[in-house]
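The values are calculated or read from the model by the stated rules, or taken from the named source; none is laboratory data. Since the model is a prediction, treat every value here as computed from it, not as a measurement. Ideal geometry is used to build each Cβ from the backbone, glycine not excepted, and the neighbour counts take in all protein chains shown.
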Amino acid sequence: DSCFNNLHVAIISSPGMGHLIPALVLANRLAAHHNTSATVFLVTTAASPPESNFIQIPLHRNLVRLIQLPPVDISHLVGPTTQVFTQICLMVRSALPLIRSAIAAMDRRPDALIADLFCPETAPIAADLGIAAKYVYVPSTAWSTALTVCCPVLDREIDGQYVDQPDPLRIPGCEPVRPEDVTEPMLDRNDRQYGEFIGMGKRYSQFDGILVNSWEDLEPKTLEAFRENEDLRLIINKIPVYPIGPMRRPVEPVDVKSDLIMGWLDRQPNESVIFVSFGSGGVLSAEQITELAWGLELSQQRFVWVVRPPTKGSIDNAFFSLGTDFDGTLNYNLPDGFTRRTQNRGLVIPMWAPQAQILNHPAVGGFMSHCGWNSTLESITSDVPMIVWPLYAEQRLNATLLAEEIGVALRLRVLSTKEVVGREEIETLVRRLMQHEEGRVMRDKVKHLKIRAVEGLKNDGSSYKSMCELLSDIALRKGNMNGSIGCNGVA
Ligand code: UDP
């Protein structure tokens, strides 16, 4: 790896924990395993406390730096109905001049720009500043990446709403996508976020490659399609896709607040507790919270549940205002007497919990999750099978992959977030996962999947090699730009 010693990359992260965490994890990985230095630029907004206040991910001491850009104010650009997806696009767009000047001001020009999934509009900045190589980092699956890049094609070929199509949507070389599984911005073609999503899909192919947080074993068919399927390759302008996952956050040392939870978990039998949490932005309706509480109580299983106050949508500004401490005045809509009746079996944690540590605790044997991709990877690498309850973004796609293709998750019967999932269904799912043979089989499968994933990250594993290919490409482009011969690509 010595030929990568001198490389330096700039990683651009859009707002939101689900984006910053994988950016920092990638930076740390490049530093620790490849001696590459990385500067992460985080787009921030005036409206929210900076994510880094809550993140607690130790950065590699010598080689990784986090720079929070001055906050952008998009309040004049949004209305009450502007979707979170559109808001993130607007924030990044408003921050483009800040990103440009922050990179231009660096002592040392980076050799590559790595833009996260929401930041492909930074491509011209790389060209402007003479940065030799540029990549998009999609911290999710190859399958959702395929859907994103193919959406502009589907847009031309299909009339009417995707959700009303009688047949699955065709993606060259990949599993077709069921109409009801499309990503959130594809649910309504008349909403502004759809236009943003199309733009995103088109811009990815302006880069020199796409990094995905996936690995060969997990998505063999889709990754092969990106290498071999001519139609798909044409759509992305024949750029390579680098599967470098699973990139997941480390399990941080326990802090005082989490001691309470860890202490409680220490007293529970192995693999007996289900962890219930819906990511950084997931929220449920008042009615749904009540049904979930009843379902957990009726299942008679042990649980740790991260609750948030109810709202009408499936994602809200929680996405931008994380880590907020417990506010005793909030009404979480739990049934009367719920905490008292379940006090010996369950723990209710308001707002935010140290998820990576909880999942990693031996007492945890199941995870009811919105299946955001970070959460999913944390679950898989902690040997924990899931009940998948997709809410927003690409989560319905993740749910189908996990439940139907990989077989490490149970899925809710209802597919729409508008319907309320009844207590009986929740009770049954929890029992199936925690008590039945079915759950045990999934737990074994997850363990196997984890072992293979870890192997892939080791020195001759597929994800490690993929990262080396990426770094070779950077070194080569850097060499070409300097008019000298760069690293020859042999890692
Ligand atoms: N997370 C956490 N505590 C919480 C909720 C979320 O630590 O109470 C972390 C979680 O471990 C994961 C990230 O926030 O690393 C959420 O990312 P994900 O991709 O799962 O979902 P998103 O929030 O982006 O929808």
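Check whether at least one residue in region 176-188 is buried (at least 23 other Cβ atoms within 10 Å of the Cβ), modelled with pLDDT of 95 or more and either more than 23 Å from Cys89 (Cβ to Cβ) or in contact with a strand residue (DSSP E or B) (Cβ under 6 Å, 6 or more places away or on another chain) (or both), and report yes or no.
Looking for residues that are buried (at least 23 other Cβ atoms within 10 Å of the Cβ), modelled with pLDDT of 95 or more and either more than 23 Å from Cys89 (Cβ to Cβ) or in contact with a strand residue (DSSP E or B) (Cβ under 6 Å, 6 or more places away or on another chain) (or both), one finds at least one in region 176-188, hence yes.
Are any residues in region 144-202 in a helix (DSSP H, G or I) and small (Gly, Ala, Ser), and if so, which ones? Let's see the steps before the verdict.
Going through region 144-202, the residues in a helix (DSSP H, G or I) turn out to be 144-157, 162-164, 179-181, 184-186, 192-202.
If the condition is that a residue be in a helix (DSSP H, G or I) and small (Gly, Ala, Ser), then Ser144, Ala146, Gly195, Gly199, Gly201 are the ones that fit.
What's the total number of residues in region 111-122 that are over 23 Å from Ala393 (Cα atoms) and within 25 Å of the chain's Cα centre (by Cα)?
Just the residues of region 111-122 that are over 23 Å from Ala393 (Cα atoms), to begin with: 111-113.
Going one step further and asking which of them are within 25 Å of the chain's Cα centre (by Cα), we end up with 112-113.
Qualifying residue count for the region: 2.
Any chance region 102-121 includes a residue that's among the aromatic types (Phe, Trp, Tyr) and part of a helix (DSSP H, G or I)?
Step one: list which residues in region 102-121 are among the aromatic types (Phe, Trp, Tyr), which gives 118.
In the following step, the residues that additionally are part of a helix (DSSP H, G or I) were identified as none.
Checking region 102-121: not a single residue is among the aromatic types (Phe, Trp, Tyr) and part of a helix (DSSP H, G or I).
Taking the stated definitions as given, is Leu223 within 16 Å of the ligand (Cβ to nearest atom) and buried (at least 19 other Cβ atoms within 10 Å of the Cβ)?
Working: within 16 Å of the ligand (Cβ to nearest atom): no; buried (at least 19 other Cβ atoms within 10 Å of the Cβ): yes.
Here the answer is no, as Leu223 does not meet what is asked.
Per-residue answers, yes or no, for (1) more than 22 Å from the chain's Cα centre (by Cα); (2) part of a loop (DSSP other than H, G, I, E, B); (3) closer than 27 Å to Ala363 by Cα:
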residue	(1), (2), (3)
Asn398	no, no, yes
Glu419	yes, yes, no
Glu425	yes, no, yes
Val430	yes, no, yes
Leu433	yes, no, yes
Lys450	no, no, yes
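Out of the residues in region 233-255 that are more than 16 Å from the ligand (Cβ to nearest atom) and without any contact (Cβ under 8 Å) to a residue 12 or more places away in the chain, state the one that is farthest from Met467 (Cα to Cα).
Leu234
Can you find a residue that is at pLDDT 95 or above, closer than 30 Å to Ser375 by Cα, more than 16 Å from the ligand (Cβ to nearest atom) and in contact with a Phe, Trp or Tyr (Cβ under 9 Å, 6 or more places away or on another chain) anywhere in region 155-167?
Scanning region 155-167, I find no residue that is at pLDDT 95 or above, closer than 30 Å to Ser375 by Cα, more than 16 Å from the ligand (Cβ to nearest atom) and in contact with a Phe, Trp or Tyr (Cβ under 9 Å, 6 or more places away or on another chain), so the answer is no.
Can you pull out the residues in region 266-288 that are at pLDDT below 95, away from the ligand (no atom under 15 Å from the Cβ) and buried (at least 20 other Cβ atoms within 10 Å of the Cβ)? Before you say what the answer is, go through the steps one by one.
Restricting attention to region 266-288, the residues satisfying the condition of being at pLDDT below 95 are 266-267, 278-288.
Narrowing further to those that are away from the ligand (no atom under 15 Å from the Cβ): 266-267, 285-288.
Within region 266-288, just Gln288 meets the criteria.
Out of (1) out of contact with any Pro (no Cβ under 7 Å at 6 or more places or on another chain); (2) surrounded by 19 or more Cβ atoms within 10 Å (Cβ to Cβ); (3) not polar (S, T, N, Q), the odd one out for Ala409 is which?
With respect to (1) out of contact with any Pro (no Cβ under 7 Å at 6 or more places or on another chain); (2) surrounded by 19 or more Cβ atoms within 10 Å (Cβ to Cβ); (3) not polar (S, T, N, Q), Ala409 is out only on (1).
Can you tell which of Ala393, Ala363, Ala403 is surrounded by 19 or more Cβ atoms within 10 Å (Cβ to Cβ) and within 17 Å of the chain's Cα centre (by Cα)? I'd like the intermediate steps shown before the answer.
Working: Ala363 fails: within 17 Å of the chain's Cα centre (by Cα); Ala403 fails: within 17 Å of the chain's Cα centre (by Cα).
Checking each option against the conditions leaves just Ala393.
Within region 325-339, is there a residue that is at pLDDT below 95 and not in a loop (DSSP other than H, G, I, E, B)? I'd like the intermediate steps shown before the answer.
Step one: of region 325-339, the residues at pLDDT below 95 are 325-339.
Imposing the further condition that a residue be not in a loop (DSSP other than H, G, I, E, B) reduces the set to 338-339.
Checked region 325-339: at least one residue is at pLDDT below 95 and not in a loop (DSSP other than H, G, I, E, B).
Count, please, the residues in region 383-394 that happen to be within 11 Å of the ligand (Cβ to nearest atom), in contact (Cβ under 8 Å) with a residue 60 or more places away in the chain and either touching a Gly at 6+ places or on another chain (Cβ under 7 Å) or not acidic (Asp, Glu) (or both). Working first, answer last.
So the first thing to find is which residues in region 383-394 are within 11 Å of the ligand (Cβ to nearest atom), and the list is 390-394.
So of that shortlist, the ones also in contact (Cβ under 8 Å) with a residue 60 or more places away in the chain come out as 391-394.
If we keep only those that are either touching a Gly at 6+ places or on another chain (Cβ under 7 Å) or not acidic (Asp, Glu) (or both) too, we end up with 391-393.
Going through region 383-394 one residue at a time, the tally reaches 3.
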